[in-house]
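Heads up: the structure comes next, in structure tokens.
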Amino acid sequence: MVDSITENLQLVSTDEGKGFKLLNEPNSHVYIPDFSSSAMEFKINDERRRRGKLLKAIEGKASGEPLKVFDFFGGFAQDAFLMACLGHEVLSVERNPLVYEVTSQAWENQKEVEWVKDLNLSLRLKNAESFHELQNQMESFDVIYMDPMFEKSKNKSKSVLSMQILQELLSHSEEEQIPWDEILELGLQKASKIVMKLPIKGPSLVQRKFSHQILGKTIRFEVFI
Ligand SMILES: C[S@@+](CC[C@H](N)C(=O)[O-])C[C@H]1O[C@@H](n2cnc3c(N)ncnc32)[C@H](O)[C@@H]1O
């Protein structure tokens, strides 16, 4: 079954579950979030060895202790999955119902794959708007992780397929003014740390100065404590 979502994007049912297909991208395959491939297993093991920047930002000096993480911009839950694979307890919240549907179905279909099952992960996915969800949360969290949509990069390099799909899907939603300062203040009441992923160049989204930042080649993590 195929549903047209926008003129360039279809929702396609396959034997492996539902996925998105971009039409304006030559040779684009149906994208289903990956929670179980051998390439993903390799990536997770590599991340465990190298302790990459996301983990450094999330864990800080608390390396080794399981943390409760609220993933504010869930998307296809790829970052949430990585954090869960590294031993953290993650609640990943996504507002868009289609993104949530595809992601939660992929997770349900793939979580019994042997190497994933053996990790005994604590990963919960929820379809909700995160600001309200956080306001009403009775649970407490150690870290709130934020990976918002960035402006499309002006240089020629294309975003990865999953990001192109989100950009296509969300470019048709209404423009919104995100109350970043309010989100940050609420977040700091609900958790002891906020980690915000941002492009390496470009302004901060909030007025408060970060406590420290971790720099990568194309992105940076601002950490607020
Ligand atoms: C850049 S993507 C996140 C990608 C994610 N880190 C991953 O690994 O797949 C941002 C996502 O946040 C979602 N989003 C935007 N505003 C939101 C809100 N207020 N509450 C929950 N989700 C939101 C968008 O629909 C989009 O899927």
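A few comments on the model shown:
- Note on Lys209 and Met163: the extension gain reaches 13.8 nm, defined as 0.36 nm multiplied by sequence separation minus the Cα-Cα distance.
- Placing unit charges on each Cβ (+1 for Lys and Arg, -1 for Asp and Glu) gives the range 127-225 a dipole about its Cα centre, and among Pro179, Phe141, Leu215 the Cα reaching farthest toward its positive end belongs to Leu215.
- DSSP beta bridges in the range 1-117 [antiparallel fraction, %, rounded to 5]: 75
- Estimated at 0.36 nm per residue, the fully extended path between Thr218 and Leu23 surpasses their Cα-Cα distance by 67.5 nm.
- Antiparallel bridge percentage (DSSP; both residues within the chain; nearest 5): 55
- In this label model, Glu16 and Met149 are separated by 2.5 nm, measuring between points 7 Å along each Cα→Cβ vector.
- Pair-distance profile P(r), taking every C-alpha pair of the range 114-225, with 10 angstrom steps and integer %: 11, 36, 37, 16, 1
- Here the range 28-145 is assigned +1 on the Cβ of each Lys and Arg and -1 on the Cβ of each Asp and Glu. Its dipole about the Cα centre then comes out at about 440 debye.
- Net charge dipole, the range 51-104: roughly 280 debye, given to the nearest 20, about the Cα centre with Cβ charges of +1 for Lys and Arg and -1 for Asp and Glu.
- Using equal-weight Cα scatterers in the Debye expression, the normalised intensity of the range 5-160 in log10 at q = 0.11, 0.14, 0.15, 0.20 Å⁻¹ is -0.48, -0.78, -0.90, -1.43.
- Sorted by Cβ neighbour density within 10 Å, fewest at the top, the residues Arg220, Arg49: Arg49, Arg220
- Neighbour counts of C-beta atoms inside 10 Å place Glu176, Glu7 in the sequence Glu176, Glu7, starting with the fewest.
- Between the alpha-carbon centres of the range 66-81 and the range 173-203 there is a gap of 15 Å.
- Mean separation of Cα contacts under 8 Å (6+ apart) over length of the chain, as relative contact order %: 19
- Summary value for the range 110-225: 25 percent relative contact order, contacts being C-alpha pairs under 8 angstrom separated by 6+ residues.
- Over 28 Å (Cα to Cα) - which of Lys61/Lys190; Lys18/Lys53; Lys21/Lys56; Lys43/Lys126; Lys111/Lys197; Lys21/Lys201 fall in this group: Lys18/Lys53; Lys21/Lys56; Lys21/Lys201
- Spherically averaged projected area of the convex hull of Cα atoms, the range 1-94: 7.6 nm².
- When Met163, Met1, Met149, Met83 are sorted by how many other C-beta atoms sit within 10 angstrom of their C-beta, beginning with the fewest, the order is Met1, Met149, Met163, Met83.
- A Förster radius of 45 Å, combined with the Cβ-Cβ distance separating Val2 from Lys190, puts the computed FRET efficiency at roughly 0.65.
- Dividing the summed -39500 (n - 2.57) terms of all DSSP H runs of n ≥ 4 by the residue count of the chain sets its mean residue ellipticity at 222 nm at -9500 deg cm²/dmol.
Any read-out appearing in this document is the output of simple, stated calculations on the displayed coordinates, not a laboratory observation. Because the structure is a prediction, the values reported are computed rather than measured. For neighbour counting, all protein chains shown are included, and Cβ atoms are generated from backbone atoms with ideal geometry for every residue, glycine included.
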